[in-house]
Amino acid sequence: MLRRLSPLDWISLAVLLLYILLRVLAALGRPIPFTSFVGFLVFLAVLYFAIRILPWVRTQLLWRLRSRLIVAYLFIAVVPVVLLLAMAAVGGYLLYLQFGAHLLSDQLNDRISTIATDTDAISDAIEATGAKGGASIGEGVLTHPGISGLLSAARDRGMDLQVFLDRGQQLLKPGTDRFSGLVEFEGKLWLAAAERRRGKNGPVFVMTGMPLTPAVLDSVGSEIGPVQLILLEPAAGRPASGLSLEIDNRLYVPGQQIISNRTLGPPANWFDRRVNGASTLEAVHVEPGADSSPLPVLASFSLRPMTINRQLFTSVGAVGPLLSNLLVLAGIVFLVLEIAALITGVVLTRTITRAVGDLYEATLHVRRGDFSYRVRVHQRDQLGALGDSFNEMTSSVSDLIAEQRQRQRLENEISIAREVQEHLFPRSLPQAPGLQLAAICRPARTVSGDYYDFIRLSPTRIGIAVADISGKGIFAALLMASLQAALRSMAALDGRGGTATLVSRLNDHLFKNTADDRYATFFYAVYDAESSTLTYTNAGHLAPFFVNDAGVQQLDEGGTVVGLFEDAPYTQGTLKVLPGSVLVAFSDGLTEPENVYGEEFGMHRLKEEILRQRNIAPQRLAENLITAAEQWAGTPEQADDITVVVARMG
């Protein structure tokens, strides 16, 4: 180990030894200068050694499978449980925060409702006496026995109710005659209500309220602990110092602060932790001409979860204790399951690591050329079967190597075919006026025998091609490449020639350049947005559906498959494209899925699905058609390639 140390390792080691020497001298009463600087160098040295040792520790720790499984269990089992518990704790905190804010708001709203009721009674009394309005609480109609009796009754209930005439106009929204809520009045928070009544000389405005004081906050329900309200006032500019808060892109500074004198009750148990929360309320200006936007009021409070739980369980009556017992039982079951899972994991780890250790020892013998070594099979399970398989492998290793080479060659061919095919499908969908395109190709295996393409012929003309190649694998991919190259080159040179001519040329090209047993069903259509026409030729392909308001038409005009017969004749059809017309082209993999009774999905059911969903987006229509066929088959296994092309035109 010393021979493997680098010069930087020796320097770091020397710094550590020097620091130890300095500490010893300091303990003997002989302090040395620059000890602090040496301490900083020691910190760097320790950090350096930690970085140097980390790869070695990781290699030694994770080399054994048992250690890797332990680490895997930590990340698979322990970490998710910890995250779930943390999420439950956060969720519980947010839940109790919501409960606390709801209780505080309900308590304030109850008092506001009481004030609104008193305001309505006082307004009735004022309207009955025919008062015009007053300037203060001690004038005029406010001394009327009926009104003074209402105020005395309110004060007997512990409410310092005050009445103001010709105030509260700012609180009433247009078209409303009543208001109740939290208001800002003369720089302080009030619980107030306001009404508009008719007087002899015009409307009379009555505002009744009480200042929000610590005593009012002390009367809030016992479930909530200390409560503090802070009125936030708009800041004229960004303050140089002090607390400021930005809400809805507006800066506020603290104004009036109201702090209750109540205390939070003791916890019921260790889990009954104190929960601190905060919420915002809104206060409205009373003074006319003030900013009409409400002022935020920051409310902070604290509570005990068990107190809230008791209230929640009380709301369900006699079922509450049962729910509590069920929660405790669920926790016990969860703990027992966790312990059982831990014991099971330890046992399985020992079983797996012993079997893997035997296999590792066997591989060492095989690496040295000792193919007569056999793995000890301790138990008859999958690990034991793995040992048997290893023993069989050592007796026929040469055959397995040859088989592996053959498999590698086949995988290379499939990989080549897949790469070829990936470059054949269009990377992006062309755009044309009034045209929406969508296409899906789901191969049954690694390489698909289906092919689709979109070719831009001009700014207003788009070619649409769908084909089903005979054969599978690399041969189908090569034929698809030849078909695509010929199609694109011929379409580029074709100009405005007909689709029948292009398909005929494509047939001659494939017949001359492919084997006799290679062919493809082919459908080719050209949509012309300028003339609103669709010209097509169907070369032995399943007839696509063309749907519009006039009905459904199958596009079967054309001829035989391409590449099989020389000089085969082809014809073309032309359709007038009405607004909202939909073309759906597909391969036989969409119509041939069978259900458990051997019935195919078929063209008729496909037609019904198209008519039912013709008005949805092309991409979603294509996906829904494939889903309908898969649901009909009732099995996730796909027997053949499925290709769907949808074009909405007009």
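Below, the figures for the structure above:
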{"read-out": "Scattering profile of segment 395-485 at q = 0.10, 0.22 Å⁻¹ [log10 I(q)/I(0), Debye over alpha-carbon scatterers]", "value": "-0.38, -1.05"}
{"read-out": "Computed lengthening from T35 to L329, 0.36 nm per intervening residue step minus Cα-Cα distance", "value": "99.8 nm"}
{"read-out": "Cβ crowding within 10 Å averaged over residues, with 518-527, 600-609 ranked highest first", "value": "518-527, 600-609"}
{"read-out": "Ranked by how many other beta carbons lie within 10 Å on average, peptides 327-339, 347-359 from highest", "value": "347-359, 327-339"}
{"read-out": "Pairwise centroid distance, computed over Cα atoms, of segment 1-57 with segment 555-601, Å", "value": "81"}
{"read-out": "Neighbour-count order for W632, W270, fewest beta carbons within 10 angstrom listed first", "value": "W270, W632"}
{"read-out": "Distant-in-sequence amide H partners of V375 (H built 1.01 Å from N, under 5 Å)", "value": "N391"}
{"read-out": "Global geometry of segment 1-106, whether rounded, prolate or oblate, following the gyration tensor of its Cα atoms and the 1.5 cut on a/c", "value": "oblate"}
{"read-out": "Long-range tail of P(r) for segment 591-647 (Cα pairs > 19 Å, %)", "value": "25"}
{"read-out": "Tail beyond 20 Å, pair distance distribution of segment 240-374 (Cα, percent)", "value": "75"}
{"read-out": "Whole-angstrom gap from segment 426-494 to segment 517-538, using each part's C-alpha centre", "value": "11"}
{"read-out": "Lysine pairs with alpha-carbon atoms under 23 Å apart, the chain, spacing 8 or more or separate chains", "value": "6"}
{"read-out": "Calculated [θ] (222 nm, deg cm²/dmol) that DSSP helices of n ≥ 4 give over the chain, each run adding -39,500 (n - 2.57)", "value": "-15500 deg cm²/dmol"}
{"read-out": "Kirkwood Rh, angstrom, segment 299-339 [1 / mean 1/r, Cα pairs]", "value": "11.9"}
{"read-out": "Overall dimensions of segment 424-649 as given by Cα atoms, namely Rg and Dmax in Å", "value": "16.6, 50"}
{"read-out": "Packing-based order for 42-50, 261-269, 569-577, using average beta carbon neighbours within 10 Å, highest first", "value": "569-577, 42-50, 261-269"}
{"read-out": "Whole-Hz ³J(HN,Hα) from phi, Karplus 6.51 cos²θ - 1.76 cosθ + 1.60, for segment 425-431, glycine and proline x", "value": "6, x, 6, 9, 8, x, 10"}
{"read-out": "Ellipsoid semi-axes in whole angstrom, largest first, where each is sqrt(5λ) of the Cα gyration tensor of segment 314-442", "value": "48, 44, 9"}
{"read-out": "Student exercise, segment 326-421 dipole from Lys, Arg, Asp, Glu Cβ charges, in Debye to nearest 20", "value": "200"}
{"read-out": "C-alpha center-to-center spacing [segment 277-354, segment 84-105] in angstrom", "value": "5"}
{"read-out": "Residue order, fewest to most beta carbons within 10 Å, for W56, W190", "value": "W56, W190"}
{"read-out": "Three-way shape label, segment 7-57, alpha-carbon gyration tensor, a/c 1.5", "value": "prolate"}
{"read-out": "Percent of alpha-carbon pairs separated by more than 33 Å within the chain", "value": "74"}
{"read-out": "Given charges at Cβ of Lys, Arg, Asp, Glu: the chain dipole, positive-most of V644, P579, G602", "value": "V644"}
{"read-out": "Computed magnitude of the charge dipole of the chain (debye, nearest 20; Cβ of K, R +1, Cβ of D, E -1)", "value": "2860"}
{"read-out": "Kyte-Doolittle mean at least -0.5 and Cα axial length at least 24 Å: DSSP H helices in the chain", "value": "7-27, 35-62, 79-129, 319-367, 473-494"}
{"read-out": "Neighbour-count ranking [beta-carbon atoms within 10 angstrom, fewest first] of M480, M490, M210", "value": "M490, M210, M480"}
{"read-out": "Within segment 508-650: Cβ-based charge dipole about Cα centre, in debye rounded to nearest 20 (Lys, Arg +1; Asp, Glu -1)", "value": "660"}
{"read-out": "As computed over segment 109-305, the Cα convex hull volume per residue (Å³)", "value": "146"}
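Read-outs throughout are calculated quantities, based only on the coordinates presented, and are distinct from any laboratory measurement. Every value quoted in this text rests on a predicted model; they were computed, and no experiment measured them. Cβ: placed from backbone, ideal geometry, glycine included. Neighbour counts: every protein chain shown.
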